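No lab work stands behind these numbers, since they all come straight from the coordinates. Keep in mind the model is a prediction, meaning the values are calculated, not measured. Every residue, glycine among them, receives a Cβ derived from its backbone with ideal geometry; neighbour counts consider all protein chains shown.
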Amino acid sequence: MEQYIRFADKLSAWFGKAFAWCVMVMTLGVGYEVFVRYVLNSPTVWAFDLSYMMYGTMFMMAGAYTLSRDGHVRGDFIYRLWKPSTQAKVELVLYFFFFFPGVLALIFAGWRYASRSWRYLEVSVMSPANIPIYQFKSVIIAAGILLLIQGIAQVFRCILTIKTGAWPERESDVEEMETLLQKEGMAALNPGDHTTDTVLPKVDRS
């Protein structure tokens, strides 16, 4: 189980970080559109299509990566008070009752949706550029499959937690500046506590 968890986490991280570059393509496209529209008075016919396709692709393909890092929104005002084994039991039930049916529905519905789009080589109706979007529809299937693979890893995490009473440690990853500053503030308030020394990088305020 631990081997599969590591495999799924690395796979999700690779795809999530690879498709994160879509934000750069989207930024360049939107920036170019703003320049030619308001400076040269010559707007493009493709910028809107580019922006929603890049954003949609990034959003869909980052789902499994976010799940692997426990980054999805959770109303945890009660959840956080439970013991890890109780949390794992509840999550295990919810994965089978809600997560897997939803993901399987996404894959099968996405397959019908994308295959129909590929059959007649669908183009965008949002602009006169007639940009092909059938390949964009395939992202739905890919995102669903990645979520399914990662969901199985999450089930294994729950089983291990029920057995051991503690959540398996997740791979280290990037953190928001707000989180780093909070850790630095906690370290300043508790100078004798060295539990965060190994994970707290220096913050350059220059």
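Placing dummy labels 7 Å off each Cα toward the beta-carbon, the span from Arg6 to Leu181 is 3.7 nm. A dipole drawn for the chain from +1 and -1 charges on Cβ atoms has a positive end, and of Tyr113, Tyr55, Pro43 the residue lying farthest that way is Tyr113.
By the Kirkwood approach, averaging reciprocal distances over each pair of separate Cα atoms, the stretch 67-144 gets a hydrodynamic radius of 15.4 Å. Quick one: net charge of Ile131's neighbours, Cβ under 11 Å, K/R +1, D/E -1? Spelling it out: positives minus negatives among the neighbours equals -2. Using the Cβ-Cβ distance between Leu121 and Val34 with R0 set to 25 Å, the FRET efficiency works out to roughly 0.25. Ordered by the number of other Cβ atoms lying within 10 Å of each residue's own Cβ, fewest first, Trp21, Trp111 fall into the sequence Trp21, Trp111.
Our helix-only sum for the chain, with -39,500 (n - 2.57) per DSSP H run of n ≥ 4 divided by its residues, gives a mean residue ellipticity at 222 nm of -21000 deg cm²/dmol.
Exposed loop sites were defined as trypsin sites (Lys or Arg not before Pro) in DSSP loop states (anything but H, G, I, E or B) carrying at most 14 other C-beta atoms within 10 Å; in the chain the longest segment without such a site runs 75-169. Can you figure out the FRET efficiency of Val23 with Asp173, using R₀ = 22 Å and their beta-carbon distance, to the nearest 0.05? Calculated transfer efficiency: 0.80. Other residues with beta-carbon under 13 Å from the beta-carbon of Trp46 carry, at +1 per Lys or Arg and -1 per Asp or Glu, a net charge of -1.
Between amide H atoms placed 1.01 Å from N, distances below 5 Å from Val123 occur with Ile133, all of them 5 or more places distant or on a separate chain. Between Trp14 and Lys83, the modelled label-to-label distance comes to 3.9 nm, taking each label 7 Å out from Cα in the direction of the beta carbon. Which log10 I(q)/I(0) values, to two decimals, does the chain give at q = 0.17 Å⁻¹ under the Debye formula with one point per Cα? Scattering profile of the chain, log10 relative to I(0): -1.22.
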